[in-house]
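A.B. asks: Shown below is the structure under consideration.
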Amino acid sequence: MTRIKRQKVLVRRHGLLVRITHWINAISLCLLLLSGLQIFNAHPQLYFGQQSHFGHPWLGMGAYDRGGSLRGVTVIGPYVFDTTGFLGASRDHGVLVSRGFPPWLTIPSARYLALGRRWHFFFAWIFAVNLALYLASAVIGGHLRRDLAPTFDQLRPRHVLHEILDHMRLRFPKGWDARRYNVLQKGAYLGVVLLLLPVMILSGMTMSPSLDADFPWLVELFAGRQSARSIHFITASLIVLFFLVHLVMVVLSGTWNNVRSMVTGRYAIKVAPPPLPGPIGDAP
């Protein structure tokens, strides 16, 4: 049996506005994360409630002296982990110092809370406006309904389980099926855009006392500023996890093809060639 050789064709996958907002979001989120860690380092402990219970954080980073050597620790609930060199105590210009996150993970790298806050608030506005523009265009232009909303068939338990097993085996869609997001991608994107990002933005607003006059319900919504700070940290961590998984899947499913689709909008797929025309009969 002759094996049909598939041919590669370029198809349109992402519109211009989707590509622009994607890269603005990616850059803004990275700078928000790094400047947010600078702010976190000013008090590397998290609590739930309205007040800070300094002796009982659910998450904390710090350092202590043990025999003339500085040791970094990370506390999560009742558990204590030695994280010297990374969390709690890290090297700054070759010297081990007490610090939540290391200098190479913060903007700026030096201890500079005021500048870190300026970076954070500046890119928070860029991110919020860009996200609002993306959501408005997704609804008005049909991107949300056409590309992101899962169909009833995709939501069937058997189909969802099949997609999970395929991803675990690193089996990715081929041919025309690769043009569209699968149900796992749609669920992840919608969960981030419609749940995690709004919660992260609102919890960040709750930590600002100057916003109390305009949005007094925010503190009650998150059961206190300290709870809002913890939720802000948790949602940001989940977004980082999504970002890392997203990068891994981009690499495994075809780095250049995925990057090209988000730069030029064109995505390469392999499809069977059109059938050859049949023989032409003799003219009478």
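A.B. asks: When a/c is below 1.5 the answer is rounded, else prolate if a/b is larger than b/c, else oblate, so apply that to the chain with a ≥ b ≥ c taken from the square roots of the Cα gyration tensor eigenvalues.
C.D. replies: Taking the square roots of the gyration eigenvalues as a ≥ b ≥ c, the chain is prolate.
A.B. asks: Once phi is turned into ³J(HN,Hα) by the Karplus curve 6.51 cos²θ - 1.76 cosθ + 1.60 with θ = phi - 60°, what whole-Hz value does each residue of the stretch 22-28 show in order, with x for glycine and proline?
C.D. replies: 4, 6, 5, 4, 4, 5, 4
A.B. asks: Using a probe of 1.4 angstrom, how much of the accessible area of the chain is carbon and sulfur, in percent?
C.D. replies: Percent of accessible area from carbon and sulfur atoms in the chain: 67.
A.B. asks: Which residue, Val199, Ser261, Tyr47, has the largest displacement toward the positive end of the dipole of the chain when charges sit on each Cβ (Lys, Arg +1; Asp, Glu -1)?
C.D. replies: It is Ser261, whose Cα lies furthest towards the positive end.
A.B. asks: So, one more: Please express the shape of the stretch 1-89 as an equivalent ellipsoid: the semi-axes are the square roots of 5 times the eigenvalues of the C-alpha gyration tensor, given largest first in whole angstrom.
C.D. replies: Semi-axes (√(5λ), whole Å): 47, 21, 14.
A.B. asks: Applying the Karplus parametrisation 6.51 cos²θ - 1.76 cosθ + 1.60 with θ = phi - 60° to the phi angles of the stretch 52-67, what ³J(HN,Hα) value in whole Hz is obtained for each residue in order, glycine and proline being reported as x?
C.D. replies: 8, 9, 4, x, 9, x, 7, 9, x, 10, x, 9, 9, 8, 10, x
A.B. asks: Using the Cα centre of the chain as origin and beta-carbon charges of +1 (Lys, Arg) and -1 (Asp, Glu), tell me which of Tyr181, Thr84, Ala136 is placed farthest towards the positive end of the dipole.
C.D. replies: Tyr181
A.B. asks: Could you list the trypsin sites (Lys or Arg not before Pro) in the stretch 1-104 that lie in coil according to DSSP, counting only those with at most 14 other Cβ atoms within 10 Å of their Cβ?
C.D. replies: Arg3, Lys5, Arg6
A.B. asks: Something else about it: Let me know the charge dipole size of the chain about its Cα centre in debye, to the nearest 20, where only the beta-carbon of Lys, Arg (+1) and Asp, Glu (-1) is charged. List each step's numbers first, then the result.
C.D. replies: Working: 29 positive and 12 negative charges, 243 e Å.
So the dipole magnitude of the chain works out to roughly 1160 debye.
A.B. asks: Where only protein heavy atoms count, and the probe is 1.4 Å, what is the accessible area per residue for the stretch 1-148 in Å²?
C.D. replies: Accessible surface, normalised per residue, equals 62 Å².
A.B. asks: Sorted by average packing, counted as other Cβ atoms within 10 angstrom per residue and highest first, what order do 222-229, 142-149 take?
C.D. replies: Answer by packing, highest mean first, reads 222-229, 142-149.
A.B. asks: Another one. Quick one: dipole size for the stretch 87-213, taken about the Cα centre, charges +1 on Lys/Arg Cβ and -1 on Asp/Glu Cβ, in debye to the nearest 20.
C.D. replies: On the way: 15 positive and 7 negative charges, 58 e Å.
So the magnitude is around 280 debye.
The values are calculated or read from the model by the stated rules, or taken from the named source; none is laboratory data. Owing to the predicted nature of the structure, the values given are computational and were not obtained by experimental measurement. Neighbour counts are summed over all protein chains in view; Cβ atoms, including those assigned to glycine, are modelled from backbone coordinates with ideal geometry. We work out accessible area using only protein heavy atoms, side chains counted, and drop any ligands, DNA or RNA first. Shrake-Rupley method; radii C 1.70, N 1.55, O 1.52, S 1.80 Å.
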